[in-house]
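Structure first, then comments.
The values are calculated or read from the model by the stated rules, or taken from the named source; none is laboratory data. Computed from a prediction, not measured in an experiment: that's the story for all the values here. For neighbour counting, all protein chains shown are included, and Cβ atoms are generated from backbone atoms with ideal geometry for every residue, glycine included.
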């Protein structure tokens with residue numbers, strides 16, 4: 001999935017910076033074009049969340065070692081960390097006029113926001129994947145619901161990050177959003193752990 005992730009990040013980079021010198025096709029759309037907005041709010045989140053899930057689905061779900069519903073959250077979070085690492089490196093090293101100071105500041109900023117977002121969104125999907133393992137009859141419903149929720153939260157993050165370009169006060173809104181999402185994932189983790197403990201006692 002590494003090459004796919006790299007290709008995806010290049011396409012995302014073209015979308016975010018239509019004036020980038022080798023982005024001839026997307027440059028024609030213009031940054032204010034509705035297709036640019038749809039990409040960062042809808043298409044990019046859907047593609048990225050599916051790609052992170054696809055790694056776990058193809059490499060882990062059929063593995064005999066994957067025998068605990070709680071593993072679903074853990075493996076998806078690990079997948080998200082790998083994906084975020086690729087994305088962060090591409091965004092830093094493809095930046096025009098890159099300097100050591102810029103690289104360090106971008107690394108810190110992306111670690112505190114983008115990496116956190118990817119981890120939380122995948123953790124959210126992992127929670128619903130775990131629920132689907134506990135309720136086979138509603139498996140597809142849980143998977144679809146979790147995937148759409150992860151994509152929605154990812155899209156909201158992209159929207160808030162986009163607003164920061166117009167007003168720095170939106171950075172606070174973005175931080176509060178990530179904190180709320182973090183609290184939700186933490187609650188889901190302990191709720192799932194408690195549910196599994198009750199099931200084992202029974």
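For (1) touching a helix residue (DSSP H, G or I) at 6+ places or on another chain (Cβ under 6 Å); (2) under 20 Å from residue 54 (Cα atoms); (3) in a helix (DSSP H, G or I), each residue gets a yes or a no:
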| site | (1), (2), (3) |
| --- | --- |
| 143 | yes, yes, yes |
| 146 | yes, yes, yes |
| 157 | yes, no, yes |
| 165 | no, no, no |
| 171 | no, no, yes |
| 186 | no, no, yes |
| 190 | no, no, yes |
request  = Could you grab the pairs with beta carbons closer than 6 Å, sequence gap of 6+ or different chains, first residue in the range 159-174 and on the phi > 0 side of the Ramachandran plot and without any contact (Cβ under 8 Å) to a residue 24 or more places away in the chain, second one part of a loop (DSSP other than H, G, I, E, B) and surrounded by 15 or more Cβ atoms within 10 Å (Cβ to Cβ)?
outcome  = none
ask   = Residues 138, 52: which one is over 25 Å from residue 180 (Cβ atoms), part of a helix (DSSP H, G or I), touching a helix residue (DSSP H, G or I) at 6+ places or on another chain (Cβ under 9 Å) and modelled with pLDDT of 85 or more?
value = 138
Residues satisfying the stated conditions in the range 58-80, i.e. surrounded by 14 or more Cβ atoms within 10 Å (Cβ to Cβ) and assigned to a helix (DSSP H, G or I) = 70, 71, 72, 73, 74, 75, 76, 77, 78, 79, 80
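Is it the case, given these coordinates, that residue 156 is surrounded by 11 or more Cβ atoms within 10 Å (Cβ to Cβ), closer than 21 Å to residue 47 by Cα and at pLDDT below 95? Talk me through it step by step, then tell me what you get.
Values: surrounded by 11 or more Cβ atoms within 10 Å (Cβ to Cβ): yes; closer than 21 Å to residue 47 by Cα: yes; at pLDDT below 95: yes.
Here the answer is yes, as residue 156 does meet what is asked.
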